[in-house]
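Okay, structure first, notes after.
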């Protein structure tokens, strides 16, 4: 049967190879990931949901402009009834009912094996903040997860050591990229596809039925939401996917990261939009602070202090954390705490002090009612698990309802800034960007596991301090010139140039230029990844 293009349905067009074009280089051995059928499914998702995505991203721009013109985030009048009424989220699957420790990390082969074997309850496989989205790394990550789901993943290290899955595995969750990002190596009608649909669609197509047959399911962590309407988009994508792939209704489950100040005012609404599928909310501290600076940073009332003075006990963070816990428990969802980023080092005498700080922070979360928290390193799994095991055994946490007003959610500490912290922001950003540009998105720096969120908050703080001519503790004004002086000094420490002192090629020159663009521009660059992605292959 031959039909003209004009008479074909949209779904039929999506199956045509010319509709979705892969421009990335061929990757040996990975043809079984980028199959015609899996790409057709991704293409169908893109054709179905791109118009709504574009509308939502345009709405973001209007909201951001409104905030820059002096408006403040607030609880929405249009959704008051949702907040006031009583309702619950749907049933939580058995393998997501214990979430004391969730280990997070990128999707390279060794990490996938170690994370699943780590003893954590959940492994969040990350295509977002801890992943540098090179073409090869992204497609290889999909193959690694497929092999893990099929229980046949293996890895041989450079030293000859063999890695394979053990008997007890963490429950797998996958974090796709944010709504604002593109996958430039795959085009539909000559335009790059939305990265989140590429990450989500490939994983779901290849693994959903296998996961369900194993008694688990396709579970996702949703990042960077700014409104309940974006949560509604995700819910409709889940519903569409289940019908298209003939999966049981509501078999796709998700958790949502509250990592923008706007989403912080819409937690009930986000839970409601995803109520058949959502299992938990998680508060991402660095991204949350970054978003406050991004949206409100031009207002001197929201001038933030250095990072060490922004613990979760800071007023606006404490209020958001308690509100998240209370919102989840009222609706029958879990509250998952923030990241313990420390990398335990036995030879470092300060290691125990760092672990003690982790324990204190997790005890705070347990006291607020959190069911568990994130770790970045397997060595912290037993440390954090003990805290939440003790909390579960004692069942002691404060059930009192604490009302959080708009002012509570926006109350920032006094802006104290040391030269040491300014320099640290420059140094860690430079080192991370150099690694990210080289394809490594999860980097241990000063015994902390850093990801994209680290650079975002560091550069946002410096931009804001320059914008408001903030003062250091020694009285010196923070200016572009001071930043560039420090950047030059930190670049010199790396031996930066086309080649390092060891003779190896580095990305420090590009990293320094990128950091300057992010910090020294008159207007605030929305996301580091939007600027830096052009440099990746």
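Brief remarks follow.
- Difference of contour (0.36 nm per residue) and Cα-Cα distance, residue 350 to residue 240: 34.5 nm
- Model label points for residue 367 and residue 75, set 7 angstrom from Cα along the Cα-to-Cβ axis, are 2.5 nm apart.
- Spin-label pair residue 229/residue 401, simplified geometry with 7 Å Cα→Cβ offset, distance in nm: 3.0
- Taking 328, 254 and counting other C-beta atoms within 10 Å, the order from fewest to most: 254, 328
- Calculated FRET efficiency, residue 522 to residue 167, Cβ-Cβ distance, R0 = 56 Å: about 0.50 to the nearest 0.05.
- Computed over the chain, the per-residue total of -39500 (n - 2.57) for DSSP H runs of n ≥ 4 gives a 222 nm mean residue ellipticity of -14500 deg cm²/dmol, rounded to 500.
- Potential extension, residue 28-residue 485 segment - 0.36 nm per residue separation minus Cα distance: 160.0 nm
- Calculated FRET value between residue 86 and residue 66, using beta carbons and R₀ = 35 Å, to 0.05: 0.65
- Gyration tensor (alpha-carbon) shape descriptor, segment 265-413, a/c threshold 1.5: oblate
- Full extension of the segment from residue 513 to residue 359, taken as 0.36 nm per residue of separation minus the current Cα-Cα distance, would add 51.6 nm.
- Between the beta carbons of residue 313 and residue 250, assuming R0 = 51 Å, the FRET efficiency works out to 0.85 to the nearest 0.05.
Each reported figure results from applying straightforward, stated rules to the coordinates on display, with no laboratory input. Model, not experiment: these values are computed from the prediction. When we count neighbours, we look across all protein chains shown, and the Cβ atoms used for this are built from the backbone with ideal geometry, even at glycine.
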